[in-house]
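Reading through the structure tokens given below for one structure.
Nothing in this text is a laboratory measurement; each read-out follows from the coordinates by a stated rule. The shown structure was predicted, so the numbers you read here are calculated from the model rather than taken from an experiment. Quick reminder, even Gly has a Cβ in these numbers, built from the backbone with ideal geometry, and neighbours come from all protein chains shown.
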Ligand code: G3I
């Protein structure tokens, strides 16, 4: 990928797409031969043939993941599982871990300062228990999705107790029931200009940087056995912004370890764009090595592949470009011995937070819905499903931690 001086993120991604296949840039089929020929060429990067056997049991994502020491899953809400039998079947067949997309965050969890709403989280945990599927918690402390009452109630005087009470009550309620918690989510924001790179969010404004260690220590007291995770995004490419953010996250984790703050894992959200390519992964590979050397696990916590840079509007082309990115990104991840979990942020394209993200096009007419996940809106496995499964298989030979 050609690097220009500090390209914008959009240029950076477009460069990636150019490196991964001109078709994705919408170069006309006529110019590149038939679209079919291009798709065939694209498919060349994705193994074909006998691997495309059944997708359940030994052919499921969780079977291929488990054979390589991994848990794999998706973000989903219990309500969707209860009302959509097709999605429920996919989840039961394919996944060994789930996470609530929203219902275990402080806002949904705390309708009033004095009440906690555990129903949705309890329903997801019960579903997991009934089907032998683990559940991870997301999240105990975040600058976003705070309760509507937060800004009118939280002060510098009561914020410490507010955070402790929230985490003690929520992590205590789910004690012994979760595989891990995202204890603090997205605390680094370089553009806020702090020397430590921390986000100048509500909790930092109220408590200073120590809110992070307070959150982790409180979570550990409330649930001694759950894996405590720091989770963040924008650390997946070699774009200068990501390079700076990775350095700040690494320093944050180093400082936590130096101060004996309990932490077990780093979550790499992995909201990436079609066109991410392995040549993008050098910094990420090094980042993960340094996290591993601190004795921590690594989770892919929220993966999806945003197709907003793909100008072709042919779903077959989009699915191939998305699948190629799943394959390239996860192949790099598979080589990391500390990797333990791979989760996509949603199950099917019908339920993605990316809905409505438009692709650039000359007409400014609405573009087709995003196609970022392993299953399409008709609950059918896409190229990305097979790419994930093949990528898990590529982990053989890695000495696991
Ligand atoms: O539940 C209410 C509903 O009652 C109301 O009618 C509706 C319209 O206002 O809003 C609904 O809440 C929405 C919620 O999703 C549930 O659908 C919120 O407005 C909306 O902001 C919220 O968006 C979520 C977003 O986090 C909030 O920042 C997305 O679904 C969720 O996928 C996204 O997930 C985040 C991770 O937690 C952290 N990492 C990034 C990731 C993507 O942004």
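Quick one: grab the alpha carbon gyration tensor of segment 55-152, order the square roots of its eigenvalues as a ≥ b ≥ c, and give me rounded if a/c is under 1.5, else prolate or oblate depending on whether a/b is larger than b/c. Display every interim value, and only then the final one.
On the way: a/c = 3.08, a/b = 2.16, b/c = 1.42.
Note, shape of segment 55-152 comes out prolate.
I'd like the FRET efficiency for residue 247 and residue 148, computed as 1/(1 + (r/R0)^6) with the beta carbon distance as r and R0 of 51 Å, rounded to 0.05.
On the way: r = 35 Å, r/R0 = 0.69.
Step by step, r from the Cβ atoms, then E = 0.90.
If you average the sequence gap of Cα pairs under 8 Å that are 6 or more apart and divide by the length of segment 62-215, what percent do you get for the contact order?
Working: 219 pairs, mean separation 30.6, N = 154.
Relative contact order here is 20 percent.
Relative contact order (percent) for segment 232-360, with alpha-carbon contacts under 8 angstrom and 6 or more residues of separation? Before the final figure, lay out the partial values.
Numbers: 181 pairs, mean separation 35.5, N = 129.
RCO, segment 232-360: 28 percent.
What's the Kirkwood radius of segment 218-326 in Å, using all Cα pairs? Walk me through the numbers before you get to the answer.
Numbers: mean 1/r = 0.0653 Å⁻¹.
That comes to 15.3 Å for segment 218-326.
Give the shape of segment 265-394 as rounded, prolate or oblate, defined through the alpha-carbon gyration tensor: a ≥ b ≥ c are the square roots of its eigenvalues, a/c under 1.5 means rounded, and otherwise the shape is prolate if a/b is larger than b/c and oblate if not. Don't skip to the end; give the middle numbers.
Numbers: a/c = 2.14, a/b = 1.89, b/c = 1.13.
Prolate, since a/c reaches 1.5 and a/b exceeds b/c.
What ranking of 103, 117 emerges when the number of other C-beta atoms within 10 Å of each C-beta is taken as an exposure proxy, fewest first? Provide the component values of the computation, followed by the final result.
Values: 103 20, 117 14.
Least crowded to most crowded, the residues run 117, 103.
Note the full-extension length gain between residue 83 and residue 114 as 0.36 nm times their separation in residues minus their Cα-Cα distance, in nm to one decimal.
On the way: separation 31, 0.36 × 31 = 11.16 nm, distance 3.01 nm.
Length gained between residue 83 and residue 114: 8.1 nm.
So for segment 77-125, what percent of the C-alpha to C-alpha distances run longer than 13 Å?
Values: 703 of 1176 pairs.
Tail of P(r) above 13 Å: 60 percent of Cα pairs.
If you take the beta carbon distance between residue 194 and residue 53 as r and set R0 to 45 Å, what does 1/(1 + (r/R0)^6) give as a FRET efficiency, to the nearest 0.05? All intermediate terms of the calculation are to be shown ahead of the outcome.
Details: r = 52 Å, r/R0 = 1.15.
E between residue 194 and residue 53, to the nearest 0.05, is 0.30.
Where does each of 300, 184 land when they are ranked from fewest to most other beta-carbon atoms within 10 angstrom? Present the calculation step by step, with values, prior to reporting the outcome.
Values: 300 22, 184 28.
So the residues, fewest neighbours to most, are 300, 184.
What ratio of Cα Rg to 2.2 N^0.38 Å holds for segment 108-171?
Numbers: Rg = 13.7 Å, N = 64, 2.2 N^0.38 = 10.7 Å.
Relative to the rule-of-thumb radius for its length, segment 108-171 sits at 1.28.
Roughly speaking, what is the stretch gain from residue 129 to residue 169, that is 0.36 nm per residue apart minus the C-alpha to C-alpha distance, in nm to one decimal?
On the way: separation 40, 0.36 × 40 = 14.40 nm, distance 2.13 nm.
That works out to 12.3 nm of additional length.
Starting from the Kirkwood radius over alpha-carbon pairs of segment 143-212, derive D by Stokes-Einstein at 4 °C in a medium of 1.567 mPa s and give it in µm² s⁻¹.
Values: Rh = 13.4 Å.
The estimated diffusion coefficient comes to 97 µm²/s.
Using only the Cα atoms of segment 102-145, build the gyration tensor, take square roots of its eigenvalues as a ≥ b ≥ c, and label the shape rounded, prolate or oblate: rounded if a/c is under 1.5, else prolate if a/b is larger than b/c, else oblate.
Taking the square roots of the gyration eigenvalues as a ≥ b ≥ c, segment 102-145 is oblate.
Any chance you could run the full-extension gain for residue 122 through residue 355? It's 0.36 nm times the residue separation minus the Cα-Cα distance, nm to one decimal. Spell out each step's value before the answer.
Values: separation 233, 0.36 × 233 = 83.88 nm, distance 2.71 nm.
The residue 122-residue 355 span can extend by a further 81.2 nm.
How high is the relative contact order of segment 148-242, in percent, counting Cα pairs under 8 Å that sit 6 or more residues apart?
Values: 102 pairs, mean separation 35.0, N = 95.
It comes to 37 percent, rounded to a whole number.
Quick one: what Rg and Dmax do you get for segment 150-267 from the alpha carbons, in Å?
Spelled out, the Cα radius of gyration and Dmax of segment 150-267 are 14.5, 41 Å.
Among DSSP beta bridges lying fully in segment 100-250, give the percent that are antiparallel, nearest 5.
Values: 2 of 12 bridges.
Counting only bridges with both partners in segment 100-250, antiparallel ones make up about 15 percent.
Please order 129, 314 by the number of other Cβ within 10 Å, starting at the fewest. It would help to have the intermediate numbers written out before the result.
Values: 129 12, 314 15.
Ranking 129, 314 by Cβ neighbours within 10 Å, fewest first, gives 129, 314.
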